[in-house]
Amino acid sequence: MPAEPIAQGATEGYPESTLQDLSGRSGIKRPEAEVGGGTLSFSASNTICLAAMLLAAAPKVWTRPPAAFQNAQQDAPRAKPDTDSDDAKAQAPIAVPLPKGKKLVLADGSFQMVREYSVEGDRVRYWSVERSAWEEIPAKLVNWDATRNAEGEQSKQDEELKAKIRASELAERLRGIDVDKSLEIKPGLFLPDGVGFYVLEDRLIFEMKQSLAANHLNKGREVTKILTGIPIIPSKQNLEVPGAHAAKRLKTAEPEFFMRPDDGREPRFQLLRLQVNGSHRVVETINLHMSGEQVHNVKEVEFQTWTPATGVFRYTVSEKLAPGEYAFVESTNEGINGYVWDFGIDPPGTKPQK
């Protein structure tokens with residue numbers, strides 16, 4: 001069958017190499033240019049044959065993307081992994097509050113936030129909070145009345161903030177305290193509601209622990225009795241607390257003490273100055289005379305007793321305590337209770353013990 005020409009426009013958009021390939025294999029003639037404005041006719045069989053050839057050659061034509069699409073792919077930014085966004089978030093700058101300053105109000109109604117300022121002649125020198133540098137402006141540019149009002153307002157706000165902070169700290173200290181048993185011994189300072197013996201120093205309350213005092217016989221006198229055979233030599237006993245120094249050390253010479261007994265009784269206390277004797281502290285010396293009489297030697301310190309609330313007792317010293325060792329002892333009908341509340345007063349400048 002003679003080759004028939006392909007219709008004009010049917011091959012538009014296909015590469016030249018493909019058309020040449022199709023023409024050579026099928027014998028189909030490519031369309032010729034129009035002559036004298038006439039049109040060339042073609043049969044349906046030619047059209048079907050051309051379509052089949054184009055489908056067979058589709059992999060060659062369509063597997064190569066257009067140049068514009070390739071350029072777009074090259075220019076498009078590559079997708080970054082999610083870790084980049086996480087790192088960006090992690091490296092994002094954290095908002096930092098501006099440094100606190102005060103307003104230097106100007107005559108035009110604006111203001112400079114300054115840390116401090118001073119008037120030097122007809123100029124004002126100030127430290128700019130915004131630029132972290134010293135600057136100067138003519139004093140006539142400052143509205144001094146507005147500046148003073150701003151300072152007063154700032155001071156008021158500072159005091160309100162301090163009051164809120166104090167109220168918050170007080171609420172934190174009061175957490176868990178039994179309101180029915182609580183006693184405010186100083187403004188904003190409450191005595192613990194538990195039973196015990198407490199000392200107040202520099203607006204801090206400490207619970208004091210008891211130490212056990214024991215009787216020690218003076219062995220020297222007993223040996224003298226045996227050697228001389230004279231039984232009338234008076235005996236001597238010491239009530240001693242182990243250790244040359246109390247564990248509880250105080251810096252103030254005028255401490256205050258509080259007692260909350262478990263049974264509501266009023267203790268019969270003595271405040272004694274202890275004598276250091278080697279590795280012990282002597283609370284009391286007891287001399288037993290030939291007549292059987294006992295003489296108790298102690299160094300007592302005067303103090304006052306107050307009753308700020310039912311079942312609570314407060315003790316204050318009459319005079320400042322000299323550096324040394326002390327103890328509160330409770331007297332009973334049988335004598336001094338062996339359990340004492342001991343403490344020491346350190347000289348000024350003494351480093352705290354570790």
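Restricting the search to segment 332-352, which residues are on the phi > 0 side of the Ramachandran plot and surrounded by fewer than 13 Cβ atoms within 10 Å (Cβ to Cβ)?
G349
Examine segment 251-266 for a residue that is hydroxyl-bearing (S, T, Y) and either modelled with pLDDT under 90 or in a strand (DSSP E or B) (or both), and state whether such a residue exists.
Looking for residues that are hydroxyl-bearing (S, T, Y) and either modelled with pLDDT under 90 or in a strand (DSSP E or B) (or both), one finds none in segment 251-266, hence no.
Is there a residue being within 26 Å of L161 (Cα to Cα), assigned to a strand (DSSP E or B), of a type in the set (G, A, S) and assigned by TED's automatic domain parsing to the domain that holds L161 anywhere in segment 121-135?
The answer is yes; a qualifying residue exists.
Let's see how each residue does on (1) at pLDDT 85 or above; (2) acidic (D, E):
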| residue | (1), (2) |
| --- | --- |
| D145 | yes, yes |
| K156 | yes, no |
| E160 | yes, yes |
| A171 | no, no |
| D178 | no, yes |
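Go through segment 196-224 and give me each residue that's modelled with pLDDT of 90 or more and in a loop (DSSP other than H, G, I, E, B).
If the condition is that a residue be modelled with pLDDT of 90 or more and in a loop (DSSP other than H, G, I, E, B), then M208, K209 are the ones that fit.
Can you tell me which residue among E284, E302, E334 is at pLDDT 90 or above and of a type outside the set (A, V, I, L, M, F, W, C)?
E302
Being under 19 Å from E207 (Cβ atoms), assigned by TED's automatic domain parsing to the domain that holds D262 and not in a strand (DSSP E or B) is the filter here, so list the residues in segment 296-354 that pass it.
The answer is G311, N337.
The values are calculated or read from the model by the stated rules, or taken from the named source; none is laboratory data. Everything quoted here is computed from the prediction, not taken from an experiment. Glycine gets a Cβ as well: all are built from the backbone with ideal geometry, and neighbour counts include every protein chain shown.
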